[in-house]
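FYI, it's all coordinate maths here, none of it is from the lab. All values reported here derive from a predicted model rather than from experimental measurement. We place every Cβ from the backbone using ideal geometry, glycine too, and count neighbours over all the protein chains shown.
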Ligand SMILES: Cc1ncc(COP(=O)(O)O)c(C=O)c1O
């Protein structure tokens, strides 16, 4: 390469190009997420099945096959109903539960806004309750403590699996028995950890989740009647005839989404290990940073598509800024909690000190299935520096 003539001679030696030409390029920014769906060749056999059957939506063999395969992940008797996305699945399940219109649904504010949107879309009202500061999830004992208002005004409870973690399902089943209130689990990010259908649960199949079809979700439940009613909700209220049995909508998944889901399930055993491996590498790289706390079991017992860590109280925004300055993208996935979103400012709420503390002390670090050692080492080094500086 010809050197620019304007360079002062003393910057040029016979062996070395000028510093301006050899200086290492700044490392590329590390994105907070890099979703990866099944490649075209893995989907192709299922697309060919669709071509042959000439059946493109309305519960063809591919989508029903996907539902069957997902149901096999649970004890016999589990029913899976696919829906256009998890937000719709939550809304339609609440509708199918036939709850008193306008009633309160107890839910954490510490969740993605979809949970609250689903409640309102079902004609109900969110009632934000604080989460446990260790698990980041609603605790049945906290909800029981709302009695007697609970008995008078709540019509259901939605515990949320924080970033894919599993709450104590046995405790929630006891809660349901004790209070008589329906419980619907928002397990949007918990495809991996969820293996029990004794409480109805909704999982997201969005492209950003560990197992995605693009846009999609499902309800899993051992309650065949509830599954049937949700199916009616997704398909104009039809069941076996052109008579619309209930007021409903169209929220089906097509055969094409089913094809992607089949390919994703084929890859899941290996993909799961790759997510776990990336998680383990990140945990090991951050062993020297005791201020960084992982969710219990994250990357070891269960996996998910995000890595949200706990940081020293109140430090999340400052750490995020330091990481951004060094090209490491982060995300406050749940912002300040739903109660701080404009759409939900008027919603009923209890005191939310744990939620507010989590909003200020947790941060989503970059995490994806094919993170490499260099990226992980860089994230750890930058985070270590950011915490040291704080
Ligand atoms: C807790 C929670 N609930 C619901 C949803 C909505 O899922 P979907 O995008 O499939 O509608 C999400 C999405 O990330 C979520 O995190």
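What about residue 230, is it within 11 Å of the ligand (Cβ to nearest atom) and in contact (Cβ under 8 Å) with a residue 60 or more places away in the chain?
No, not satisfied.
How about segment 276-390: which helices (runs of 4 or more DSSP H) wholly inside it have at least 3 residues that are over 29 Å from residue 138 (Cβ atoms)?
Ranges flagged: 316-325, 373-389.
Looking at (1) within 11 Å of the ligand (Cβ to nearest atom); (2) touching a residue at least 40 places away in the same chain (Cβ under 8 Å); (3) touching a strand residue (DSSP E or B) at 6+ places or on another chain (Cβ under 8 Å), can you tell me which one residue 208 breaks?
With respect to (1) within 11 Å of the ligand (Cβ to nearest atom); (2) touching a residue at least 40 places away in the same chain (Cβ under 8 Å); (3) touching a strand residue (DSSP E or B) at 6+ places or on another chain (Cβ under 8 Å), residue 208 is out only on (3).
Out of curiosity, is residue 362 within 16 Å of the ligand (Cβ to nearest atom) and farther than 26 Å from residue 207 by Cβ?
Judged against the criteria, residue 362 is not a match.
Just checking: which of the helices (runs of 4 or more DSSP H) contained wholly in segment 34-125 hold 2 or more residues that are within 16 Å of the ligand (Cβ to nearest atom) and surrounded by 15 or more Cβ atoms within 10 Å (Cβ to Cβ)?
It comes to 61-71, 86-96, 113-121.
Could you tell me whether residue 277 is without any contact (Cβ under 8 Å) to a residue 12 or more places away in the chain and under 20 Å from the mean Cα position of the chain (by Cα)?
For residue 277, the condition - without any contact (Cβ under 8 Å) to a residue 12 or more places away in the chain and under 20 Å from the mean Cα position of the chain (by Cα) - is met.
Could you check how many residues of segment 181-195 are assigned to a loop (DSSP other than H, G, I, E, B) and either buried (at least 19 other Cβ atoms within 10 Å of the Cβ) or within 16 Å of the ligand (Cβ to nearest atom) (or both)?
Final tally of qualifying residues: 10.
Could you please let me know if residue 324 is closer than 24 Å to residue 372 by Cβ, without any contact (Cβ under 8 Å) to a residue 24 or more places away in the chain and surrounded by 16 or more Cβ atoms within 10 Å (Cβ to Cβ)?
In short, no.
Among the residues of segment 164-180, are any in contact with a helix residue (DSSP H, G or I) (Cβ under 6 Å, 6 or more places away or on another chain) and within 11 Å of the ligand (Cβ to nearest atom)?
No, segment 164-180 contains no residue that is in contact with a helix residue (DSSP H, G or I) (Cβ under 6 Å, 6 or more places away or on another chain) and within 11 Å of the ligand (Cβ to nearest atom).
Give segment 260-273 a look and list any residue that's farther than 20 Å from residue 88 by Cβ and either in contact with a strand residue (DSSP E or B) (Cβ under 9 Å, 6 or more places away or on another chain) or touching a residue at least 40 places away in the same chain (Cβ under 8 Å) (or both), or say none.
262, 263, 265, 266, 267, 268, 271, 272
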